[in-house]
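Here the structure is laid out as structure tokens; the discussion comes afterwards.
Taken together, the values in this text are just the output of simple stated rules run on the coordinates, not laboratory data. Quantities reported herein were computed from a predicted structural model and do not represent experimental measurements. Neighbour counts run over all protein chains shown; Cβ positions are idealised from the backbone, glycine included.
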Amino acid sequence: MKPIQVGLLGIGTVGSGTFNVLRRNQEEIRRRAGRGIEITMVADLDTARAQAVVGDHAKVVSDAREVIANPDIGIVIELIGGYGVAKALVMEAIAAGKHVVTANKALLAVHGTEIFAAAREKGVMVAFEAAVAGGIPIIKALREGLTANRIEWIAGIINGTTNFILSEMRAKGLDFAAVLKEAQRLGYAEADPTFDIEGIDAAHKATIMSAIAFGIPVQFDRAHVEGITGLHAADIVYAEQLGYRIKLLGITRRRDDGIELRVHPTLVPSKRLIANVEGAMNAVLVQADAVGTTLYYGKGAGSEPTASAVVADLVDITRLHTADPNHRVPHLAFQPDELATTPILPIELVRTSFYLRLQVADQAGVLARITGILAERGISIDALLQRPTDPDAHGTTKTDVIIMTHETVEGRMNEAIAQMQALPTVLAPIVRIRKEELN
Ligand code: NDP
Ligand code: HSE
């Protein structure tokens with residue numbers, strides 16, 4: 001059988017990795033797919049750079065629409081990124097009856113519903129293993145490997161840049177800004193690292209996992225998103241003294257009244273495996289009723305690790321493209337007419353434990369007032385730590401009070417924090433970090 005012909009849109013970091021892996025392992029891949037898979041046409045704005053990557057093995061053009069219009073191309077890979085031209089090209093490829101592979105989590109988290117509906121109508125597949133946790137086959141695991149289970153929750157380190165920054169802050173005792181500069185120098189963080197450090201990239205990925213785990217539409221606009229820009233080195237140290245590490249987690253959890261979908265810095269017990277995932281690595285923990293807890297670990301980014309997932313999608317499509325569309329694995333794991341309308345809960349209704357740090361005047365009765373405010377709202381204290389800090393310029397003696405609470409509803413904690421913040425003896429903005437036991 002003749003090889004299936006593939007068109008590649010965007011041959012940057014992931015695109016060049018995809019081209020190279022596919023060529024290097026072409027014989028193994030052919031034996032697995034039952035047919036050769038060849039990238040025969042590549043579109044990139046920088047045609048000279050693209051030509052240097054592909055040599056004479058593929059035709060290079062500057063206009064992506066030329067690739068889509070080529071009737072010999074059966075699969076289009078979109079590796080441009082973003083919601084703009086990438087969305088238009090994906091929709092055009094689907095309309096032209098091409099199967100699509102993409103690593104574009106931003107596009108799917110925001111426009112997934114529209115894209116999957118268009119693909120269903122045309123009977124084509126949209127595959128996106130690389131969109132979540134790069135080289136880790138977590139989409140395959142959630143959609144197929146765990147299909148017997150009722151998934152209860154997922155918690156993942158799904159952004160390598162921020163995990164690298166947090167690891168360095170802990171190891172070197174540095175503040176966020178200093179480590180960000182280092183991450184940029186090493187090429188981990190981009191010149192504009194906003195999506196990474198503000199938690200947006202992780203929220204795109206958590207949104208996609210949430211849809212697949214619970215059979216709901218992708219709803220990025222309902223996700224609660226907090227990044228790591230406000231984290232202080234002091235909190236990483238205090239957390240460690242209490243037996244915890246701080247990780248930026250993407251969390252989605254099924255509850256009786258709805259689904260939690262959130263990204264925020266989180267205290268995790270140091271003894272958990274996921275707390276020990278360091279540097280730019282990713283890890284996803286899944287709790288499901290039959291299998292229990294499973295953990296998926298690996299590289300969440302990079303040229304060839306991400307290409308590994310892109311090529312896996314190419315193999316899947318090559319094996320399945322002649323199958324009846326109704327017999328393929330549904331995009332979001334559940335049959336499209338079986339998607340649930342379960343609401344995503346607002347953050348005020350989320351239940352977690354909390355780490356609080358209050359800088360207070362070191363006076364009699366201060367602690368009693370603070371614990372009183374928590375008690376009035378039924379918020380139970382789990383642990384408490386008091387650490388003196390240096391006196392200020394006026395010689396006022398201050399102390400850091402660190403409180404770990406048991407689980408409570410976020411809305412109730414908001415009220416307590418507002419009331420504590422208003423006390424004249426609370427001298428700085430209260431730091432609040434959510435805590436998850438993940439057991
Ligand atoms: P790059 O910026 O390295 O590559 C994108 C390429 O697309 C560039 O060569 C760019 O050219 C080209 N391009 C831009 N506009 C067009 C256009 N209109 N037509 C054709 N080509 C165009 O991005 P990455 O490879 O890093 O990322 C690609 C996708 O993969 C993104 O969606 C990203 O989120 C996702 N992803 C990336 C990972 C990674 O490790 N990098 C990991 C997981 C997912 P030029 O440079 O000239 O603008
Ligand atoms: N910017 C992302 C990260 C790349 O740091 O994990 C992979 O999506």
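Some notes on this structure:
- Highest GNM mean-square fluctuation among 262, 245, 351, for the chain modelled with Cα contacts below 10 Å: 351.
- Normalised by 2.2 N^0.38 Å, with N the number of residues, the alpha-carbon radius of gyration of the stretch 1-145 equals 1.00.
- In this Cβ point-charge picture (+1 for Lys and Arg, -1 for Asp and Glu), the stretch 309-424 has a dipole of about 280 debye about its Cα centre.
- Dipole magnitude of the chain about its Cα centre (Cβ charges: Lys, Arg +1; Asp, Glu -1), debye to nearest 20: 760 debye
- Projected-area average for the stretch 160-222 over all orientations - Cα convex hull basis, square nanometres: 5.1 nm²
- Rounded to whole Hz, the Karplus (6.51, -1.76, 1.60) HN-Hα couplings of the stretch 417-427, x for glycine and proline: 5, 4, 5, 5, 4, 6, 5, x, 7, 8, 9
- Nonlocal amide H pairs with residue 249, under 5 Å, H built at 1.01 Å: 264, 266
- The stretch 294-345: C-alpha gyration tensor shape, a/c 1.5 cut-off, then a/b vs b/c: oblate
- When the alpha carbon gyration tensor of the stretch 173-302 is reduced to an equivalent ellipsoid, its three semi-axes come out at 25, 18, 14 angstrom, largest first.
- At 0.890 mPa s and 25 °C, Stokes D of the chain from Kirkwood alpha-carbon radius, µm² per second: 105 µm²/s
- Value at 222 nm in deg cm²/dmol, rounded to 500, when DSSP H runs of n ≥ 4 in the chain each add -39,500 (n - 2.57): -10500 deg cm²/dmol
- Taking the convex hull of Cα positions in the stretch 349-435, its mean projected area over all directions (nm²): 5.3 nm²
- Under a 5 Å amide H cut-off, with hydrogens placed 1.01 Å from N, residue 218 pairs with 113 among residues at least 5 apart or on other chains.
- Other-chain or far-sequence residues with amide H under 5 Å of residue 353's (modelled H): 408, 435
- Antiparallel DSSP beta bridges within the chain, as percent of all bridges there, nearest 5: 70 percent
- Computed 3J(HN,Hα) for the stretch 138-148, one whole-Hz value per residue from the Karplus formula 6.51 cos²θ - 1.76 cosθ + 1.60 where θ = phi - 60°, is 6, 5, 4, 5, 5, 7, 10, x, 9, 5, 6, glycine and proline marked x.
- Whole-Hz Karplus values for the stretch 193-208 come out as x, 3, 4, 6, 6, 8, x, 5, 4, 5, 5, 4, 5, 4, 4, 5 Hz, taken residue by residue from phi with 6.51 cos²θ - 1.76 cosθ + 1.60 and θ = phi - 60°; glycine and proline positions read x.
- Euclidean distance between Cα centres, the stretch 17-87 to the stretch 329-363, Å: 38 Å
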